[in-house]
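Presented below is the structure to which this report refers.
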Amino acid sequence: MILKKILILLTVGLATTFCAAGERKLSSELNAKMADVLAGFERQDPGEMVDVIIQFRKGTHLPGHVQRMLGMGAEHRNSLHVIQGGLFRIPASLIPVLAKDPDIVYITPDRKVIKTSPEDRIMDNTGTTSVSSYGYTGRGIGVAVIDSGIRTDHPDFRNTSTGASRVVYSESFIPGLNASDQFGHGTHAAGLIAGNGQSTQGWMFGIATKANLINLRVLDGNGAGTDSAVIAAIQRAIQLKSQYNIRIINLSLGRRVSESYTLDPVCQAVEQAWKAGIVVVVSAGNYGRDNSHGTNGYATIAVPGNDSYVITVGALNTHGSSYAQDDTLASYSSKGPTLIDHVVKPDIIAPGNSIVSLVASGSKLDTSYPAIHVPPSAYGSYSSTSVLIRLSGTSMAAPIVSGSVALMLERIPYLTPDQVKIRLMTQAAKFYPAYSTATSNTGSSYNLQNDIFAVGAGYLDTWSAFASGDLPNGTSLSPRVVRDSSGNVRLQLDSSSAWTDSGYRSNAWNNLLGYSSTLWGSSIVWGDSTNTGFSIVWSDSIVWGDSIVWGDSTTITGFSEAVNSDKY
């Protein structure tokens, strides 16, 4: 075993030089696998096959590459042209050969992905009630829900005039499974986006009650899936954009970061959707309590929420009131900066704690967790079967933002994804205390600093973003942060972004905690002596290194779990 480890270390160096100079074609997992191959360890299993996602150089002839790989013993599982690539099953022995192919940009394993986890008070807290009072409902806007499926026959998804389902398209990207919701996560998210309250006589309804839903299932009955399924679903959403007026993709799922977002295949797919004119809303992740690396939950933003393009949403706790000023950050909400790239995330936060929405009858969440059901008597029903469940997580916060975006786009259809994101961030409410304390439902206490890596640009204010007349120019790429020689942390802005305008930058992040504008005048975010928890992030090489991969990096999942909730 010791000899094997030594050989792996030696051959990792060989693998690095095996590629063309300066190129890193393999993810960290495949670099390790190539080390095994070069050291001869694959002889223990000469028939080992590996599922990989390959991104080819732009301009290459994909069919020709596919045929060539078939000739080398690979299987072509799916075309992922949205990222100029495909899903292949290849012999492990083929990895070193592909690593030096000049037409290949990057190769990753087909990692697993998992799920992430309104009553009137949600509408009031987010300023949505004012928008709805003007008659806006998201009518005509298509929202692609890439999740565990949607119960398409649910009365809350019917057109009240025609009786037809507003789930206008359904497709499963899981072999052998249809697009129904066996887990229950996707139906809950879809209810927050577009439920119309029919099953509860208007007691619970979503943000955009007449929006259409595109059901793209990528998670199985346990809430787990793969990178390739998510990419294929994003690809389909782009293809169907014109047919169903798909303007928004909701991704209440993710996994841990394994490489830069500029290489990660899921991130590359969401960027293509963004560039195609689709607003991509992503949950930040539920790793905010993770202190396994001494970072107090910082640098735990999940993929693809770590991408600079997308709108990454963290979760807050409303404490059961419609008075927004008493809301606090949820302790489990993942915090930035992002691992490896150090992007400022999340972009915004929205209600995500103990959120009520629709249940998919017979799903795992319905049958296995009776404690999360809302008693029918709460909404005036004499039925013995509840149609609502209560979940917590950033994957509940994301669909609330997606619904809000549908209202914005109904009013001004020509808004670009960048303009939507900039409006949401510059118009977000910024009335939080510098510090807060959260107590989980298990009794654990968490002290939270509400800085830009915890709350982003602030709290979702649907009305302000909806009513704004601003049509900003430039991209909305979330900035990176860098440390100077004195240890101060500064913003690094993309030259194409609207954030280079001090007005937009100030409206997004300045005075978030009531500090003087001079703090941002020199682009300084925080000094390294602000507080202990924060300085750990900047000083710990785990966060700033580019070779450390956090745990749970192999599975895409929906992040929401009932056990994640904080107390009211």
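Going through the cross-link list K112/K421; K25/K58; K33/K100; K210/K241, which pairs have a Cα-Cα distance over 21 Å in this structure? From K112/K421; K25/K58; K33/K100; K210/K241, over 21 Å: K112/K421. Relative to the Cα centre, the charge distribution of region 341-437, modelled as +1 at Lys and Arg Cβ and -1 at Asp and Glu Cβ, gives a dipole magnitude of about 120 debye. Peptide packing: for 250-262, 302-314, the average count of neighbouring Cβ atoms within 10 Å per residue gives the ranking 302-314, 250-262, highest mean first. With the simple spin-label model, which puts each label point 7 Å out from Cα in the Cβ direction, the F431 to D153 separation comes to 4.6 nm. Placing unit charges on each Cβ (+1 for Lys and Arg, -1 for Asp and Glu) gives region 371-491 a dipole about its Cα centre, and among T416, T475, I400 the Cα reaching farthest toward its positive end belongs to T475.
Over region 183-223, Cα pairs under 8 Å with separation of 6+ residues give a relative contact order of 39 percent. Computing FRET efficiency as 1/(1 + (r/R0)^6) for E171 and S383, where r is the C-beta to C-beta distance and R0 is 30 Å, gives about 0.40. Taking the average, over residues, of other Cβ atoms within 10 Å as the packing measure, peptides 199-209, 490-500 rank 199-209, 490-500 from highest down.
Using packing as a proxy for protection, rank 280-287, 410-417 so that the peptide with the highest average count of other Cβ atoms within 10 Å comes first.
Final packing ranking: 280-287, 410-417.
How far apart, in nm, are two points set 7 Å out from the Cα along the Cα-to-Cβ line at R24 and at H61? Taking the two extended label points, one gets 3.3 nm. For region 422-507, the alpha-carbon radius of gyration amounts to 1.33 times the rule-of-thumb value 2.2 N^0.38 Å expected for a compact globular protein. The Rg/Rh ratio for region 235-381, using Cα coordinates for both the radius of gyration and the Kirkwood hydrodynamic radius, is 1.02. Kirkwood analysis of region 257-296, using all unique Cα-Cα pairs, places the hydrodynamic radius at 12.2 Å.
Size of region 289-344 from its Cα atoms: along the principal axes, largest to smallest, the extents are 38, 28, 14 Å.
Quick note: the coordinates plus some simple rules give every number you see, no bench work behind them. All values derive from a computational prediction rather than experimental measurement. When we count neighbours, we look across all protein chains shown, and the Cβ atoms used for this are built from the backbone with ideal geometry, even at glycine.
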